[in-house]
Amino acid sequence: MEVKEQIEQLRKDLERHNYNYYVLNAPEISDQEFDRMMRELQDLEAAHPEYDDPDSPTRRVGSDLNQEFVQVPHRYPMLSLANTYNKQEVADFYERVRTGLEGEPFEICCEMKYDGLSISLTYEGGRLVRAVTRGDGVQGDDVTENVKTIRCIPLRLRPGAGYPQDFEIRGEILMPWTSFEALNREREEREEPLFANPRNAASGTLKSKNSSVVASRKLDAYLYYLLGDEIPGDGHYENLQAARTWGFKISEAMRKVKTLEEIYDFIDYWDVERKKLPVATDGIVLKVNSQRQQRALGYTAKSPRWAIAYKFQAERARTRLEAVTFQVGRTGAVTPVANMEPVLLAGTVVRRATLHNADVMAQLDLHIGDMVYVEKGGEIIPKIVGVDKEARGPQTGAKVDFITHCPECGAELVRYEGEAAWYCPNDTACPPQIKGRIEHFISRRAMNIDSLGPETVDEYYRRGLIRNVADLYDIRVEQINGDDGAREKSARKIVRSIAASTEVPFERVVFALGIRFVGEIAAKALARHFKSMDALEAATLDELLQINGIGMVIAESVIRYFRDDSNRELVDRLREKGVRMELSPEELSAHSDKLAGQSIVVSGVFSLHSRDEYKAMIEQNGGKNVGSISSKTSFVLAGANMGPAKLEKAGKLGIPILSEEEFLKRIEI
Ligand code: IVH
């Protein structure tokens, strides 16, 4: 096959697999196979820039070139919908439509109201040419490059699907709950400010100047409104079903109904079921289905008369603020917490809500005894969204100020440049910081000492048994078996599981130390690179910065950690207790650099190991898997039936061909 055809075929196949995976949720091939094809295409495109195509699936990985957003006008203004909050208002809408249409029969399309940010996509000749945010409704930001990285948005429509030549389609860009939670977990680990809800996260992501950030954040999109002069039929519902066949992701949670009762049924059903959806929704949208009837009903200055939004009950409550307390975390960050009269909110009793940080607290202007509004929207932790200032009276207490000293140890708080939080700097003697570090050390993904929990850590700390993580290994059964040895069995279990943690792999030990900014991924990279604690302790800033994924913040933090005598002492004590301080021989052999810097093509059918196993071996030995043979290929690992074209090419370029046996010999220890 000609290279050009090969590239085109790969692009077509990858787009189809993209569609199967991201739109239909029904992948046909494994992720590894997909990645392999993608790499093959990337290699071919790199070798043949003459066949460049801005719509290639490889573009979906984004670029880290900074971009400025250009403001562009909307062809049709992006209006908003009138909101309703109860069924009576829905009935009023239904009645207005009926009179407006002078008794003519009509249908209503019921849809979910997705809680993300709205986007307008323009397609010309089946190609995505522009993606624009809502902006002020008249003009918005051109975010085409970023939107191209969202896998469920088609860059090219399905050929022969019967889409109009020019049209616009609008919808909502969303961050699924799972991506949102993962993103916040990562940010927490890196101690970056968290996103309050998926909408803010999606919006922050889409406005990123760096499209590779957008690509990494896993956004989703549902489309719900077609515009243009050649939209196929009169029915909105039917048009959206057609748009699904063109390649768009159209919600299944959609129903065409006639009566008010059916509308209520839809609302009641989805008010409960929506909690199972992968993305955030905040209501229902009702649209008159016929476009002819839509035109007859027309618009007010702000919104269409043919549609409304019904907003689900905001999960908000009003209660009294009793006190503000300040919590000190493992890193010393101080978080203000509102303590309130208990109130029922979204099915649970709420007593505490976060106030985030000093700035948020100051903005609320809280006084003790204030009546406050608490919300639990997309957020996981309830938060205070406002104060009922009208309800203030003589009994209202004093204004709440942020504290200046640590409530736990009395140290004066500090604020680091560019950070919203105040910190207690007394990391070696402030109890919650010590206990927090121990809790981190024993956690499942660190040393996995699962017989201990926060309560036991607290108890042992209070009894003076532990002051740091190394003390854990000195605990004896007699110290913790309770009065008259009543807890003998659990005490033995605890001592045993602490001892067993010395088997935990080195990379998790690095993570368990709790070096600031060193999350699981960074810990893994450090462990694999330096291979031992001694080497890591001795690392220079330059050496650290050489490692993929380690930037200045992490590198400086590692240096700071090991510069501190008490940390080095702690590591030495852990070493004495038998905690792993280096990669095990198996890990070392599994991660050699025997193939470092080599690009290897795997081709053909194998008998001793599978293709994927060979690819893993290549990576574990520091090599790189590439899809096609070029002058840069170091060697080809060939099984049976390697294609003649590949053989010939390797021969022409003088690239060595290794059999399975030869390859295995090469990576042998
Ligand atoms: S239709 C002219 N359908 O809600 C009507 N909007 O206040 C065009 N939204 O800005 C909008 N889900 O971002 C429509 N199924 C849905 C929707 C939806 C969410 C958002 C959209 C719009 C806002 C309306």
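Read-outs: derived from the displayed coordinates by stated rules, not from any lab. Computed from a predicted model, the values in this text were never measured in an experiment. Cβ sites come from the backbone with ideal geometry, for glycine too, and all protein chains shown count toward neighbours.
So here's what we get for this one:
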item	result
Positive-pole candidate from A486, Y416, F441, dipole of the range 410-555, charges at beta carbon	A486
Estimated FRET transfer efficiency when R0 is 60 angstrom, pair R392-V70 (beta carbons, to 0.05)	0.80
Distance violations [Cα-Cα > 26 Å] among K12/K148; K624/K652; K148/K302; K435/K493	K148/K302
Simple label model, 7 Å out from Cα along Cβ direction - R487 to K531, nm	4.4
Signed unit charges on C-beta, dipole axis of the chain, positive-most listed residue T428, L24, T348	T348
Alpha carbon centroid spacing (whole Å) that separates the range 422-464 from the range 597-613	46
From phi via Karplus (6.51, -1.76, 1.60), per-residue ³J(HN,Hα) for the range 166-177 in Hz, x at Gly/Pro	10, 7, 10, 10, 10, x, 10, 9, 9, 10, x, 3
Size of charge dipole - the range 524-669 - debye, nearest 20, with Cβ of Lys, Arg +1 and Asp, Glu -1, no other charges	560
Calculated on alpha-carbon atoms, Rg and Dmax of the chain in Å	30.2, 92
Descending semi-axes in whole angstrom, ellipsoid equivalent of the range 175-225, from the Cα gyration tensor	19, 13, 9
Charged-residue dipole, Cβ positions (Lys, Arg, Asp, Glu), the range 301-391 about Cα centre, Debye nearest 20	380
Phi-based couplings in Hz for the range 145-153 (Karplus 6.51, -1.76, 1.60; Gly and Pro marked x)	4, 5, 5, 4, 7, 7, 5, 8, 8
Simple Cβ-charge dipole of the range 427-584, Lys/Arg +1 and Asp/Glu -1, about Cα centre, in debye nearest 20	360
Rounded, prolate or oblate (a/c below 1.5 giving rounded, otherwise prolate when a/b exceeds b/c) for the range 399-497 by Cα gyration tensor	prolate
Sorted peptide list for 348-358, 240-250, criterion being average Cβ within 10 angstrom, highest first	240-250, 348-358
Cut-off 13 Å, label 7 Å out along Cα→Cβ of R190, residues of the range 539-572 by amide N	549-555
Per the chain, cysteines lacking a partner by the 4.7 Å Cβ criterion	C109, C110, C152
